[in-house]
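Working notes, beginning with the structure itself.
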Amino acid sequence: MIQLYNYYRSGTSHRVRIALNLKGIDFDYVPVNLLEREHKSDAYLAINPQGLAPALTVDGHTLTQSPAILEWIEESWPEPPLLPEDRFERAHVRAMAALVACDIHPINNLRILNTIKSEFGADKDAILRWIAHWNTDGFAALETILNADKARGDFCFGKAPGLAECYLIPQIYAARRFEVDLKPFPAICAIDEACAALPAFIHAHPANQPDAV
């Protein structure tokens, strides 16, 4: 049985839940409360020495870092695919995923926000401006990429959700949570609306997790 150590509101945890659900994979949900610093406990550091969520354990192995976990999921359960068959199309989808994973999420996660508050004196308004800046910058580029693809359906690529949505949907959730204006991004909002109707995304949503408060 797969055990997923995660936090309901963690974007990296959220993306792994989506992927597992899209593949129809059962897993045990193990909550790790980031606000209570359970990720820094000796017990959790023994599982993931970096002290970050998520971590996934299966068959005596422990996997960390959500991009590596998502690739492992795709390799272990190829159907339904998260990536297209063509290598150039795969690179295109991976680039959209990386736009979120590398250029938006890391500089808006809890560690960074706490640091710019405690070490650099940023108040709440400054933190919200910081978050809005990087979300808006990345979403503007993604919106352009999506609009240039005249062949895509309701999702980031093709007719079904895949790897790009695993990254994008949690970032949209975070953007709304921090009051980022999404009106300039109708294509992104339409993808979010399409995904919100699907069971895999409904079951992965932070509000529907056992540790949601």
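The values are calculated or read from the model by the stated rules, or taken from the named source; none is laboratory data. Remember, it's a predicted structure, so these values are computed and weren't measured experimentally. Here the Cβ is made from the backbone with ideal geometry for all residues, glycine too, and neighbour counts use every protein chain on show.
The table that follows gives values for the structure above.
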quantity: Of all residues making up the stretch 23-64, the number that are in contact with a strand residue (DSSP E or B) (Cβ under 9 Å, 6 or more places away or on another chain) and touching a residue at least 12 places away in the same chain (Cβ under 8 Å); calculated: 22
quantity: Selection within the stretch 181-204 - β-branched (Val, Ile, Thr) and more than 18 Å from Met96 (Cα to Cα); calculated: Ile202
quantity: Members of the stretch 189-205 that are out of contact with any Cys (no Cβ under 7 Å at 6 or more places or on another chain) and surrounded by 22 or more Cβ atoms within 10 Å (Cβ to Cβ); calculated: Cys195, Ala204
quantity: Selection status of Arg37, within 24 Å of Ala175 (Cα to Cα), among the basic types (Lys, Arg) and either assigned by TED's automatic domain parsing to the domain that holds Leu163 or surrounded by 18 or more Cβ atoms within 10 Å (Cβ to Cβ) (or both); calculated: no
quantity: Extreme residue, surrounded by the most Cβ atoms within 10 Å (Cβ to Cβ), among residues of the stretch 89-112 that are touching a helix residue (DSSP H, G or I) at 6+ places or on another chain (Cβ under 6 Å) and modelled with pLDDT under 95; calculated: Asn108
quantity: Filter result for Tyr5 (crowded, with 17+ Cβ neighbours inside 10 Å, farther than 24 Å from Asp103 by Cα and in contact (Cβ under 8 Å) with a residue 12 or more places away in the chain); calculated: yes
quantity: Ile131, sole failed condition from (1) in contact with a helix residue (DSSP H, G or I) (Cβ under 6 Å, 6 or more places away or on another chain); (2) part of a loop (DSSP other than H, G, I, E, B); (3) not acidic (Asp, Glu); calculated: (2)
quantity: The listed residue being modelled with pLDDT of 95 or more and in contact with a Ser or Thr (Cβ under 9 Å, 6 or more places away or on another chain), out of Asp181, Asp211; calculated: Asp181
quantity: Lone qualifier among Asn108, Asn135 - being farther than 16 Å from Arg15 by Cα, among the polar types (S, T, N, Q) and within 14 Å of the chain's Cα centre (by Cα); calculated: Asn135
quantity: In the stretch 139-177, residue surrounded by the most Cβ atoms within 10 Å (Cβ to Cβ) [restricted to those that are part of a loop (DSSP other than H, G, I, E, B) and touching a residue at least 60 places away in the same chain (Cβ under 8 Å)]; calculated: Cys156
